[in-house]
Amino acid sequence: MRLLSCLLLCLAALFTSNAQARPQYSALFGQSCFLCHVNPTGNGMRELYGSTFFGPQYLPIKPVSYELLDKIKPRLSENVTIGADLRTIWLATNSIDNGDSTAQGLSDGLSTNTGTVAQMEGNLYLEVRPSEHFMLYFSRGVADASGRMEVYGLANLSGFKAWLKGGQFQENYGYRFADHTSYVRTGLWSGYDGGAFTPPTPPHYGAGLEAGTRMFGFDASASYTAAQSNIPLDRDQQKRFIGRVFGQKRLPFAKKFIVSGGLSGLASPKKARDPEIGFPGAASKELAWGGFGGLAFEGLHNRMGTAEGASNFGWLATSLLFEYDRKDWTPFWAPFPVTSAYSTAQLEIMVYQGVWLLGAYDWLDNAETSNIAGEAERTTIGASTFLLPWVELSLRHRLYSTVEAPPTAGALQPRNKQQLECQLHLFF
């Protein structure tokens, strides 16, 4: 199986190259996302530790001095804190206009007129904390395309290491990769015109309740939501039940290594159409499940500009993260059910303080239970750097391929699209 072969190759490279990486920051530190984020399931607004210490000290090429740290004040008052995420992208891609998605397309030159500049994300955050164990949270994007609205209340029962959330929020399923176009997050929904039919949208945003706990090194959460739409509608829209459990452990015989793993599941009865999909008649009973995990190596300190105490990331700090999901659903245009399988694997290596090399592989098959092919894959290489604590610049090159007819045995499908992107991420 192509996916299994890819993962085995990644693991082999990991153990033979001595270059081990940073999964996500939580995996490298062996800590929950709650350490740096207001939301106990991660993502969105950063806690004071994340915005005023972790970011300035651990991320940039040159850590910020402690004198400057004292001047960073995202807290407007004792009870009110603000934050933001702004992400702009420049995109160039070769164009395939002949309608043949299996034709070799890499001979077409990159065009600067195929996306130019766009605002991918523009979120402003507001946290109001009237008491130590209760919080009101608000996040609003500059447009629907750059981030749905989140607004909820959260009770943090620290004595029980548990929380209860109510409102509109991003659902907790699998990994929340920084690359929101990874197939386990949006699949090919993000504008890829290679020919494979659109895969299901994985859990995104919903209105409802979520409960979670953090016990014995594991984070567990469960939620009941209705899929969020742009306009407040009857909340009998695509009910969803979601569960997730995740744990991580530093290896006792190799202290610099941290392993992590988890499981996710979703059940959605057939009600009205899912407003996330947006097509008339797109009602579907959905079942989804998957696994995710990774291996992190915190790196070699006192090498190549990294020093103990100056950064928790040493030279060649490496992370390998992967996720594999399956979903049973019925497309709006088809009278038959489809089982989709989709996965993402991401490898990141810190080659110098604040400078990361990255590689990723995405794979999708929408045709596991039918004769209609819908297989696609994407390979990504790139680099990113934190010029300042709140400024990240990244460059990525992507190769796409897709199949509209079942491939012949052993035949490799041609790469039929390439894409170059440069992102500027400003955050606080």
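Since every read-out is calculated from the coordinates, none of them should be taken as a lab result. These numbers were taken from a predicted model, which means no experiment stands behind them. Counting neighbours? That spans all protein chains shown, and the Cβs are built from the backbone with ideal geometry, glycine included.
Neighbour counts of other Cβ atoms within 10 Å put Val117, Val351 in the fewest-to-most order Val117, Val351. Pairs with C-alpha atoms separated by more than 25 Å, drawn from the list Lys165/Lys239; Lys71/Lys165; Lys255/Lys327; Lys161/Lys249, are Lys71/Lys165; Lys255/Lys327.
The slack in the chain from Glu78 to Leu388, taken as 0.36 nm per residue of separation less the alpha-carbon distance, amounts to 108.9 nm.
Between Leu136 and Leu68, the simple spin-label model (points 7 angstrom out along Cα→Cβ) gives 3.5 nm.
When peptides 41-49, 390-398 are sorted by average Cβ neighbour count within 10 Å, with the highest value leading, the order is 41-49, 390-398.
Mind checking the full-extension length gain between Ala267 and Ile61? Use 0.36 nm per residue of separation minus the Cα-Cα distance, one decimal, nm. List each step's numbers first, then the result.
Numbers: separation 206, 0.36 × 206 = 74.16 nm, distance 4.40 nm.
So the chain would gain 69.8 nm between Ala267 and Ile61.
So for each of 128-137, 170-179 I average, over its residues, the number of other beta carbons within 10 Å; can you give me the resulting order with the highest mean first? Mind dumping the intermediate values first?
On the way: 128-137: 14.3, 170-179: 21.7.
Ranked from most to least packed, the peptides come out as 170-179, 128-137.
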